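Have a look at the structure below before the remarks.
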Amino acid sequence: MHPVLKTVLQRLGLGMITLFAVSIIIFSSLALLPGGYAQNILGQGATPELVKNFNHELGLDRPASVRYVEWITNAVQGDFGNSYSGTTGTIKRSVSAIIAPRLYNTFFLAATAAIVAVPLSLFLGIMAALYRNSWFDRIINSVTLTTIAMPEFFIAYILVYVLAVKLRWFYPNSTVSANTPFLEHLYRVALPALTMTLVIVAHMMRMTRAAIINLLAAPYIEMAQLKGISKSRVILRHALPNAWAPIATVIAFNLAYLVVGVVVVEVVYVYPGIGQMMVDAVSSRDMPVVQACALIFAATYILLNLLADIVSIITNPRLLHPK
Amino acid sequence: MSAIQLETRLIKGRRTLWQNIVRTLKASPNSARFGMIVMLIYALCAIFAPWIAPFPEADTSAKGMLPSSWTHIMGTDQTGHDFFSRLIFAARNTIGIALITALLSFFVGSTLGITAALQRGWFDQGVSRVVDAFLAIPVLIFALMMLSVIGKGVFNLIMILALLDATRVFRLARAVALNAVVMDYVESARLRGEGTRWIVFREIVPNILPPLITEFGLRFCFVFLTIAALSFLGVGIQPPSADWGSMVAENKSLISYGYALPLYPAFAIALLTVAVNLVVDWFLQRTSGLRDGK
Amino acid sequence: MASETKRVKGDVLLEMKGIVIDGKSDDKWNPIIRGVDLTLKRGEVLGLIGESGAGKSTLGLAGMGFARPGCRITSGSIIFDGIDLIAASEEKRRGLWGSRIAYVAQSAAASFNPAHHIIDQTTETALGHGIMPRDKAEADARDLYRRLQLPNPDTIGLRFPHQVSGGQLQRAMTAMAMSCRPDLIIFDEPTTALDVTTQVEVLAAMRDIVEQFNTAAIYITHDLAVVAQMAHRIMVLRYGNLVEEAPTRTMLKQPTQAYTKSLWAVRSLAKKERSSDDIVLDVQNVSASYGNHIKVLDDVSVKIPRGRTVAVVGESGSGKSTLARAITGLLPPSTGKILFNGQALPGALKNRERDTLRRIQMIYQSADTALNPRQKVRDIIGRPLEFYLGLNGADRDRKVVELLESIELDESYIDRLPSEMSGGQKQRVSIARALAANPEVIICDEVTSALDQIVQEEILKLLMKLQADTNVTYLFITHDIATVRAIADEIVVMHKGKVVQQGLKSKVLNPPYPAYTELLLSSVPQMDPDWLTGLLKKRQSAQA
């Protein structure tokens, strides 16, 4: 087998194993609950009878291994069971049905932020690396260092205070529904997307700068310079083919960061996404929803890192052209 | 040479170390000095909160929503807390909890990391694989999930964050310790027949301390921000304890009416993390510069 | 080529005057080159030698009008074939680089871009400067590969850099430099990273091609014997200053400066061998491997007589360092045994008694990694005293001072950190640490190869003095034959994990040789400028 294919398959396999391990962690963390879930929900005064009925109703009286297999097989098919809240008698709310529209909203927000942030920060990062120690580099460096250190909600509320409350350019709350037209939707996510862009660009630009500086310090870049070939050719032909792996890593890392960042930003802007939903579910201890959200977040995270690794593998000349 | 001569030499050696510290501080850039001063002020606020704050932490004797005045410098919040006093008490709670968490995670993470680097074999493999799985889950998400399971509360918060953060510390401690373990001076100590304790505390730890201290600064910032985020989301530090994250959350609706009040605690958080970052940045440049300038 | 000027051998090609170059460290600019003049004629090869930190690479690169990041040319003039390189625009300089001045770097593996075929990188310069079309450039590259005696010259260019060996890559880089037939090539330590037997082929190939095309060259190296083969004229640099300059033969015969003379000294150091039958360490049929892979030691037997110096020589991968690891117990042998004073040593380190550990000590190649940077000399030397001999407090310190005296350092060094000492002083402290245990055997693993020539000599002399005083046994692992001549009583030659030969120095270094010993010994450059020519002739006639 070709080494690239072999390495990619190995990496895919490792990704699957990680996902599997994570799903076990997520599932079993619920089993850690002292006194059992029912006791916690129903209170200390609950009779054993009541607890038993409650557990039976939710299927919690079966062995953990059985419940895990059932949960994970259904989850792979997109079925995360029924929400605990709002489940009365025969009316059951499917978790997937609740999540689907919110997942779309979160994806919409994250994608908007990423489309702006990724090219912008790559451009700024590469510029800062090429013009190292210039005033441009220094300013960018101190601005991003400050931005990184700030909590997302601070940046978010400053933007709300200035752009929405004082200048009235945007709504302070980003309420959307399934019927919101596309452009209106875009306008309403502008502030949250801007918030996330600011946070991500700072991180990503710094990492890009570091990666490019590291790359340009390679002896083969000096060699290319001393061969007298043009600056653009040094960058395009000698630096770029070796830059994919570090850049992919930077992008994946920051998109993963973005996925987590949505939680706080959605709450600030009361944006109906999966992050806000998870926070609500945590407060009401709606376990199937919490589990589903955690699994989705973790899977995205793993997938992004997996993609970065695969890009690194398939652009590595030593693997592409084995001895 | 007499013992007395040697003793004086030892003291002289110590003094030069102290002089070194003074000299280093004198040569520090303004950004780092600013950071250190801010950190100092925060520390004083946290330690002397009851003496500095004009009102007790949970005092609600005043009316709600008072504008700023001589009695209430920043006014009062909806429940009648003096906002300025709450802000000062929050320093104690938020920083204290973050510090305890970071210390705990550091102790666990670096102990495991150094042990793994030294032992290699099954211990390293086992811990590393478990840590890899934990690293695949974002901290905030995992913390949210765990808090929903075992319930809110300061103790739970510290334990969960310390555990999650320890996995990050483990990775770094293991990596830097691995670099130190392969050094010839460690092999030399092994050949001499030294025990594990000597090798760890005399040969390895002194050499990996600078990157670990830097990492501690960054981990503290991360833990501090995560606690603030969780409190903001309503699952972190719970009332009646004052805390910056929840102060933002409690008063966030005021923003829409044009009040900047919720921005103050958010600013307090941002200022501290910026300060720590500035100091860490300076420290990082210094230590890495020393390595290059060899 | 591109040049309109008529090329006459003997014309001045490069003239550098009053060159001062600063380097930045700790945010301060310090001079690296302090006012050096350099003149090079067409077709002439100038050897630039000096020890680490002498500034030879910096000066060589300045010959191209180039300063590395963190360096700047502060004054002086650089005139290349009538063009002022300092005043010239970057554009103009870039037009000269590659086409008229080319560069050959030390590490070919790092200087080739891993992402492109070798031939594309070879022809890139010619194509980039628009000197020839692609098909002609490629045909020319294959011709150069052939002239440089690369195997499969027609297809080797289609490989990637990581697919060929270091010696081949270094020759490919020479082809790359030659592709535009430049007037000047800067060779920056091109063979330092190579094994001695590989070095010969590369040196010969480089010398021939420079001669064939009448190219001028600046050859930078720290190895006098190498520069003697390559250069017409030699410049000796030290601390950024020119020490001495003379034609090669004159320089070798009559160096005038004390510093230059001292560079020659180690070559003249030669200990008289002494034999002995009192065997302290007896390695019997030892095999060892890392993991379950290839045997790194294959049935190795070596006898080490007491109070003598046994040198183990071989190239990288010969297993000489692994032999040391087996003896110290870091890598327990899979088969065979090691007798120490007639008793079998336990294979693994942890099964050995503290007193056994005390009797066998080790000194490492690099004192930078062998001394804990956070410990003062007091603790570095004092710890074995405390650990093995139970000395404490003032007793311990007194003994440390005594040991410092024996390694010719005064007592003020007791409070120094390794970073506050020079390379040679650090290596002395390493020696004192080994001596502190009062050992019977000291294993010296390439102890002089990281040091400058003069310091090497001092350390070797010190080791011999200590042997005379304490009758300690040395197992001296090295790849450097000059060092072997200087210090050994007996020699063990190793190749690919096996012992090729063991015997007294006079026996091993004189014919009849086993085939590998002959190859190894004959490949070691000699100070004689005719050595390479003679060797190639001899090898050719042997083949015919």
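Computed quantities for the displayed model
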item: Qualifying position, being assigned by TED's automatic domain parsing to the domain that holds C:Val45, modelled with pLDDT of 90 or more, of a type outside the set (Ser, Thr, Tyr) and buried (at least 17 other Cβ atoms within 10 Å of the Cβ), among C:Asp140, C:Asp188; result: C:Asp188
item: Residues of the stretch C:492-520 classified as closer than 17 Å to C:Leu194 by Cβ and of a type in the set (A, V, I, L, M), total; result: 2
item: Tabulated pairs, the stretch A:279-306, first within 7 Å of another protein chain (Cβ to nearest Cβ), second small (Gly, Ala, Ser) and surrounded by fewer than 23 Cβ atoms within 10 Å (Cβ to Cβ), C-beta under 7 angstrom, 6+ apart or interchain; result: A:Ser283/B:Gly234; A:Ala298/B:Ala136; A:Tyr301/A:Ala256; A:Tyr301/B:Ala136; A:Ile302/A:Gly15; A:Ile302/B:Ala136
item: Subset of the stretch C:412-427 [part of a helix (DSSP H, G or I) and more than 21 Å from C:Leu389 (Cα to Cα)]; result: C:Ser412, C:Tyr413, C:Asp415, C:Pro418, C:Ser419, C:Glu420, C:Gly423, C:Gly424, C:Gln425, C:Lys426, C:Gln427
item: The stretch A:71-85, residues that are over 17 Å from A:Gly59 (Cβ atoms) and part of a loop (DSSP other than H, G, I, E, B); result: A:Gln77, A:Gly78
item: Matching entry among B:Leu212, B:Leu263 (being more than 8 Å from every other protein chain (Cβ to nearest Cβ) and at pLDDT 80 or above); result: B:Leu212
item: Residues within the stretch C:394-411 that are aliphatic (A, V, I, L, M), farther than 20 Å from B:Ser188 by Cα and part of a helix (DSSP H, G or I), tallied; result: 2
item: Scope the stretch A:121-134; condition free of Cβ contacts under 8 Å to residues at least 12 places away in the same chain and not in a helix (DSSP H, G or I); matching residues; result: A:Tyr131, A:Asn133, A:Ser134
item: Hits in the stretch C:97-130 - residues which are in a helix (DSSP H, G or I), facing chain A (nearest Cβ under 7 Å) and buried (at least 18 other Cβ atoms within 10 Å of the Cβ); result: C:Ser111, C:Glu124, C:Thr125, C:Gly128
item: Output for the stretch C:522-532, where each listed residue is of a type in the set (A, V, I, L, M) and modelled with pLDDT of 90 or more; result: C:Leu532
item: Hits in the stretch C:334-347 (condition: farther than 17 Å from C:Ile360 by Cα and either of a type outside the set (Ser, Thr, Tyr) or assigned to a strand (DSSP E or B) (or both)); result: C:Thr335, C:Gly336
item: Residue within the stretch B:216-239 that is more than 9 Å from chain A (Cβ to nearest Cβ) and without any contact (Cβ under 8 Å) to a residue 24 or more places away in the chain present; result: yes
item: Any hit, the stretch C:479-492, residues being surrounded by fewer than 17 Cβ atoms within 10 Å (Cβ to Cβ) and not acidic (Asp, Glu); result: no
item: Those residues of the stretch C:214-253 which are among the small types (Gly, Ala, Ser) and touching a residue at least 60 places away in the same chain (Cβ under 8 Å), in sequence order; result: C:Ala216, C:Ala217, C:Ala225, C:Ala228, C:Ala231, C:Gly240
item: Counted residues, the stretch B:195-209 - those being over 25 Å from the mean Cα position of the chain (by Cα) and at the interface with chain C (Cβ under 7 Å from one of its Cβ atoms); result: 1
item: Meets criteria (within 14 Å of chain A (Cβ to nearest Cβ), in contact with a Lys or Arg (Cβ under 7 Å, 6 or more places away or on another chain) and surrounded by 20 or more Cβ atoms within 10 Å (Cβ to Cβ)) for B:Ser105; result: no
item: Any hit, the stretch A:238-250, residues being surrounded by fewer than 18 Cβ atoms within 10 Å (Cβ to Cβ), out of contact with any helix residue (DSSP H, G or I) (no Cβ under 8 Å at 6 or more places or on another chain) and not small (Gly, Ala, Ser); result: yes
item: Some residue of the stretch A:87-103 being out of contact with any strand residue (DSSP E or B) (no Cβ under 7 Å at 6 or more places or on another chain), under 30 Å from A:Asn214 (Cα atoms) and of a type in the set (S, T, N, Q); result: no
item: The stretch C:126-161, residues that are out of contact with any helix residue (DSSP H, G or I) (no Cβ under 7 Å at 6 or more places or on another chain) and of a type in the set (Ser, Thr, Tyr); result: C:Thr155
item: Residue in the stretch B:147-170 that is farther than 30 Å from A:Leu303 by Cβ, surrounded by 22 or more Cβ atoms within 10 Å (Cβ to Cβ) and among the aliphatic types (A, V, I, L, M) present; result: no
item: Listing of helices (runs of 4 or more DSSP H) fully contained in the stretch A:135-199 that carry 1 or more residues being within 9 Å of chain B (Cβ to nearest Cβ) and polar (S, T, N, Q); result: A:135-149
item: Meets criteria (surrounded by 13 or more Cβ atoms within 10 Å (Cβ to Cβ), more than 14 Å from chain B (Cβ to nearest Cβ) and at pLDDT below 85) for A:Leu60; result: no
item: Test: residue in the stretch C:353-362 that is within 11 Å of chain B (Cβ to nearest Cβ), in contact (Cβ under 8 Å) with a residue 60 or more places away in the chain, surrounded by fewer than 22 Cβ atoms within 10 Å (Cβ to Cβ) and under 22 Å from C:Ile459 (Cα atoms); result: no
item: Subset of the stretch C:150-198 [part of a loop (DSSP other than H, G, I, E, B) and among the basic types (Lys, Arg)]; result: C:Arg159, C:Arg181
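The values are calculated or read from the model by the stated rules, or taken from the named source; none is laboratory data. The structure presented is a predicted model; accordingly, all values stated were derived computationally and were not measured. As a convention, Cβ positions derive from the backbone with ideal geometry for all residues, glycine included, and neighbour counts pool all protein chains shown.
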